[in-house]
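Working notes, structure below.
The values are calculated or read from the model by the stated rules, or taken from the named source; none is laboratory data. Quantities reported herein were computed from a predicted structural model and do not represent experimental measurements. Ideal geometry is used to build each Cβ from the backbone, glycine not excepted, and the neighbour counts take in all protein chains shown. For accessibility, only protein heavy atoms count, side chains too; no ligands or nucleic acids. Shrake-Rupley method; radii C 1.70, N 1.55, O 1.52, S 1.80 Å.
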Amino acid sequence: MNQYDDILLQMLNRLKLTAIRDNLDSLLDEAARQDLTLREALIYWCKAEIARKDQRRAKMATSIAKFPYVRTLDDYDFTAQPSVDPKRVRELSTCRWVGNGDTVLLQGPPGVGKTHLAVGLGRAAIENGYSVFFTSATALAVNLVKAHQEGRLAERLTYYAKPKLLIIDELGYLPLDAKASHLMFQLVSRRYERGSTLVTSNRSVREWGVVFGDAVVATAILDRLLHHSHVLTITGDSYRLREKRRSGLVGPRPTAEL
Ligand code: ADP
Ligand code: MG
């Protein structure tokens, strides 16, 4: 290593250009091999650095998001779930709706891939540069009630209001009491027209009065959430049961009684 290399490494360190630092020889060789002009070479090196920074940011943002499992939209088998329009999902994966602060509501019975799609869309949002946080509706309600009891509600609301996209999974599996419903309303109001929300639910919006135990609160929450919203209703069979049925592990789907 000559003295120039030494100075260069020190400067790259100080500027935190780690991709250029770690691949210095190959980046220089490649620029020479392709006979790049100085300007082209600079673009090529900056691209390498940006790719590394984007990758790092996505990794960090994914760990902050707390997804329950690793799934992508590419893993989703659309032929198994004809009620999901791949074109609509592709359009949602551009994340324009996140930028606009809209709501996505995924509703349908258990096992049809609501959480899978929510995680996939969450990852797409991260790739598009947005912050994401995933929580079950129950954990969210429990945390808000606890924070309220401990006099930390404002702090907690700020925490949940921060991510550009908040994913609330499994709303409706357990009904929420009046206190929890009211706190949920506060959160939804706080995020309204700022943050974007994705909700998965096994209940249709008509049944949200039951979920929140109070028709007035349910209407107020729905009013804000559905103002700018994209609703995907998935009808169909549980994916896992379908796989088991195929392999003969469980019997055929019961036909409706006439
Ligand atoms: P729910 O609708 O209850 O949230 P999940 O999204 O958790 O269901 O799906 C249950 C399991 O089945 C997950 O492991 C998910 O990845 C898988 N799954 C569901 N639907 C599909 C599908 N269409 N293609 C691939 N995997 C699927
Ligand atoms: Mg689920």
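Numbers below:
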| read-out | value |
| --- | --- |
| Condition broken by Ala139, with the remaining ones in (1) touching a residue at least 24 places away in the same chain (Cβ under 8 Å); (2) among the hydrophobic types (A, V, I, L, M, F, W, C); (3) loosely packed, with under 15 Cβ neighbours inside 10 Å satisfied | (1) |
| Selection count where residues are open to solvent by less than 80 Å² (accessible area, probe 1.4 Å) and either touching a residue at least 40 places away in the same chain (Cβ under 8 Å) or under 17 Å from the mean Cα position of the chain (by Cα) (or both), scope region 153-163 | 3 |
| Residue match in region 88-96 (condition: touching a helix residue (DSSP H, G or I) at 6+ places or on another chain (Cβ under 9 Å) and within 12 Å of ligand 1 (Cβ to nearest atom)) | yes |
| Hey, Leu144 crowded, with 17+ Cβ neighbours inside 10 Å and within 14 Å of ligand 1 (Cβ to nearest atom) or not | no |
| In region 164-180, the residues that are open to solvent by less than 60 Å² (accessible area, probe 1.4 Å), modelled with pLDDT under 95 and of a type outside the set (A, V, I, L, M) | Gly172 |
| Residue match in region 136-147 (condition: within 26 Å of Asp214 (Cβ to Cβ) and under 14 Å from the mean Cα position of the chain (by Cα)) | yes |
| Residues being open to solvent by less than 40 Å² (accessible area, probe 1.4 Å) and over 23 Å from Asn100 (Cβ atoms) - total across region 209-233 | 5 |
| Selection count where residues are assigned to a helix (DSSP H, G or I) and surrounded by fewer than 21 Cβ atoms within 10 Å (Cβ to Cβ), scope region 106-115 | 0 |
| Residue check, Gly129 open to solvent by 60 Å² or more (accessible area, probe 1.4 Å), away from ligand 1 (no atom under 15 Å from the Cβ) and part of a loop (DSSP other than H, G, I, E, B) | no |
| Spans of helices (runs of 4 or more DSSP H) in region 1-105 with at least 2 residues in contact with a His (Cβ under 7 Å, 6 or more places away or on another chain) | 96-100 |
| Candidate set: region 164-178, residues that are farther than 15 Å from Val205 by Cα and in contact (Cβ under 8 Å) with a residue 40 or more places away in the chain; chosen: the one nearest to ligand 1 (Cβ to nearest atom) | Ile167 |
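A quick yes/no check of all residues on (1) open to solvent by 100 Å² or more (accessible area, probe 1.4 Å); (2) more than 30 Å from Gly113 (Cα to Cα); (3) among the polar types (S, T, N, Q); (4) touching a helix residue (DSSP H, G or I) at 6+ places or on another chain (Cβ under 6 Å):
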| residue | (1), (2), (3), (4) |
| --- | --- |
| Leu8 | no, yes, no, no |
| Leu17 | no, yes, no, yes |
| Leu27 | no, yes, no, yes |
| Lys47 | yes, yes, no, no |
| Gln55 | yes, no, yes, no |
| Met60 | yes, no, no, no |
